[in-house]
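First comes the structure, then the notes that go with it.
Values in this text are rule-based calculations from the coordinates and carry no lab data. The structure displayed is predicted, hence computed values, not measured ones. Don't worry about glycine lacking a Cβ; one is built from the backbone with ideal geometry, like all the others, and counts go over all protein chains shown.
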């Protein structure tokens, strides 16, 4: 099991199998819907984990990129008459471009300062979305036209289960490829010692920016999927609270663990569904569970499980 | 032509003059040592030469080219790399991955090809890993190649840093106290490694407190005291230089003296 968790290609194949087989075990479309939400969140968290868990740079503003992807597929078709797939691509390009422009100055900051700067970026994006009411519908949000591909309308949990599931498998495959490449090694080197990375010839600013742009692309695609699935978009998609949720998912599952991104997203999406039995105390219980996890498994769930299994096997 | 030229280098921190007008030339294939009491400015000097600090005055020439104020990764490209006194290891990576990072400049760095792992990336990863394995063998770390660097003992990490710096294929390698904190056996191993590096045609500049090591391997020694040059010459001249004895070998306390003479 520990070896399975550590072998990158088995992980991709394993995930593809799970995505393929899981619907057989889901009792109702409610669960299909929930799992699709897990996949969509996992996609955003995966990108964030490349930035935080591998390159070691924090972002408290990733809901901003999620929001750009979300509003791109709402505004593009509604106001500009773009087909949805093209709007999705334009949104992703816009998120990447913004990450490139904003990232250059703010990635010079470190630690808390970077956290505050990214937070500011996220809040600004959310404010622009809320204030441009003529285009975005303001705080009330706006309906999102359905995705139509070759005359086929992508509607319903089943359809979005497959679209998000397949995209997640591809996203995981790309992330794993990256980590085992010179770029991935540069990310991880920067995380542990920027100074050493620099004297070995790694252009630190360039690779931090690469990680930031890549993570923005993941978040933007996830944001587009999220509202295409829902059929409606509100400024909530870009809210600060969502940025925090992404960070919690990444930390809970395990920073620097690809599989952890999915587990973290699964826990934070699934738990509230099952905690509804606590009625008014739902959020308190959720908060308590997160705190307990972080106290006892500070490295995150997947790395902790992996090292436990590794120790037993040895 | 000297491979490394340091001309009138100076830097101050607040009111403190850390390095004040230091000059030296390092010839190709030399083992050149910089010694001096604690606080003499040795590491600061290294930080300027490796591009981590910008000097306030003076010039640095590498293979005849002015490289003053170049960023460290630009210097690495031009053939200068270094190790650190206080280790700068990539602790979450394995030993061999640490060395593989050192191959960065010799790898194709097209992010798009990395995202989709084209066959060329696989081939390149294999080449990089092979080269890294050779360097680990050179410093005697083959057995621990796949272990996380964070789990290795101190002496091994010192040698790992040397292997990693060598992976960049430097013309000039700066070693900042390669034997600090090492026991006599480990020091002996480092000694062998440094000689092997020099034999491969890499010019070595080192800062070191272990006088036996310095005297044994250095072709020339440069002595710093309070940011200024005190003396420069061959080992036997330095050993008998009255100013050096006063400032460093004898003058700064029994501890240094004992280490120097033992």
Hey, got the average number of other protein chain Cβ atoms within 10 angstrom for residues in A:187-194?
5
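Output the peptides A:41-47, A:118-124 sorted from most to least packed, where packing is the average of other Cβ atoms within 10 Å over each peptide's residues. It would help to have the intermediate numbers written out before the result.
Values: A:41-47: 30.1, A:118-124: 19.6.
Averaged packing, sorted descending, gives the order A:41-47, A:118-124.
Please say if the stretch A:1-148 is rounded, prolate or oblate, where rounded means a/c under 1.5 for a ≥ b ≥ c the square roots of the C-alpha gyration tensor eigenvalues, and otherwise the choice is prolate for a/b larger than b/c and oblate otherwise? Present the calculation step by step, with values, prior to reporting the outcome.
Numbers: a/c = 2.23, a/b = 1.17, b/c = 1.90.
Cα axes put the stretch A:1-148 in the oblate bin.
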Give the Rg (one decimal place) followed by the Dmax (whole number) of the stretch B:89-169, computed from C-alpha coordinates and expressed in Å.
12.8, 39
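Take every residue in peptide A:211-222, count the Cβ atoms of other chains within 10 Å of its Cβ, and give the average of those counts. Display every interim value, and only then the final one.
Values: counts 0, 0, 1, 2, 0, 0, 0, 0, 0, 0, 0, 0.
If you average over the peptide's residues, the count of other-chain Cβ atoms is 0.
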Pairwise label distance in nanometres, residue A:281 with residue B:216, each label 7 Å out on the Cα-Cβ vector:
7.0 nm
Most fluctuating residue given options A:150, A:293, A:66, as computed from a GNM of chain A linking Cα atoms under 10 Å:
A:150
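What number, rounded to the nearest 500 deg cm²/dmol, is the helix-based mean residue ellipticity at 222 nm of chain A, given -39500 (n - 2.57) per DSSP H run of at least four residues and division by all its residues? Numbers along the way, then the final one.
Values: 15 runs with 228 residues, N = 314.
Dividing the helical sum by the residues of chain A leaves -24000 deg cm²/dmol.
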Return the distance in nm (one decimal) between the two label points of a simple spin-label model at residue A:100 and residue A:274, each offset 7 Å from Cα along Cα→Cβ.
4.4 nm
Can you compute the FRET efficiency between residue B:240 and residue B:29 using 1/(1 + (r/R0)^6), with r the Cβ-Cβ distance and R0 = 25 Å? Round to the nearest 0.05.
0.45
Mean-position separation - Cα centroids, the stretch A:190-251 and the stretch B:170-239, in angstrom:
45 Å
What average number of partner chain Cβ atoms lie no more than 10 Å from the Cβ of the residues making up B:99-111?
6
Label-point separation, residue A:158 to residue B:134 (7 Å along Cα→Cβ), nm:
5.9 nm
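What 222 nm value per residue comes from the helices of chain B, counting each DSSP H run with n ≥ 4 as -39,500 (n - 2.57) and dividing by all residues, nearest 500 deg cm²/dmol?
Numbers: 10 runs with 96 residues, N = 262.
Calculated at 222 nm, the ellipticity per residue is -10500 deg cm²/dmol.
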Using 0.36 nm times the number of residues separating residue A:244 and residue A:132, minus their current alpha carbon distance, what extension gain do you get?
37.9 nm
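If packing is taken as the mean number of other Cβ atoms within 10 Å per residue, what is the order of B:239-247, A:89-97, highest first? Write out the running numbers ahead of the final one.
Values: B:239-247: 15.6, A:89-97: 19.7.
By packing density, highest mean first, the sequence is A:89-97, B:239-247.
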At a Förster distance of 25 Å, what's the computed FRET efficiency of residue B:228 paired with residue B:59, Cβ-Cβ distance as r, to 0.05?
0.90
Can you tell me which of A:40, A:258, A:135 moves the most in a GNM of chain A? Springs connect C-alpha atoms under 10 Å apart.
A:135
On C-alpha positions alone, give me the angle between the axis of helix B:184-199 and the longest principal axis of chain B, in degrees, nearest 10.
80 degrees
For the stretch B:65-109 and the stretch A:70-111, what is the separation of their Cα centres, given in Å?
34 Å
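May I ask you to order B:155-164, A:295-304 by the average number of other C-beta atoms within 10 Å around their residues, highest value first?
Numbers: B:155-164: 24.1, A:295-304: 16.4.
Answer by packing, highest mean first, reads B:155-164, A:295-304.
Could you tell me what percent of the DSSP beta bridges with both partners in the protein assembly as shown are antiparallel, to the nearest 5?
Numbers: 26 of 42 bridges.
Antiparallel bridges: around 60 percent, rounded to the nearest 5.
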Let me check against my output: what whole-number percent is the relative contact order of chain A, with C-alpha pairs under 8 Å and at least 6 apart?
33 percent
Which residue, B:186, B:107, B:177, tops the fluctuation ranking in a GNM of chain B built on C-alpha contacts under 10 Å?
B:107
Could you tell me which of rounded, prolate or oblate describes the protein assembly as shown, using a ≥ b ≥ c as the square roots of the eigenvalues of the alpha-carbon gyration tensor, with rounded for a/c under 1.5 and, failing that, prolate when a/b is larger than b/c and oblate otherwise?
prolate
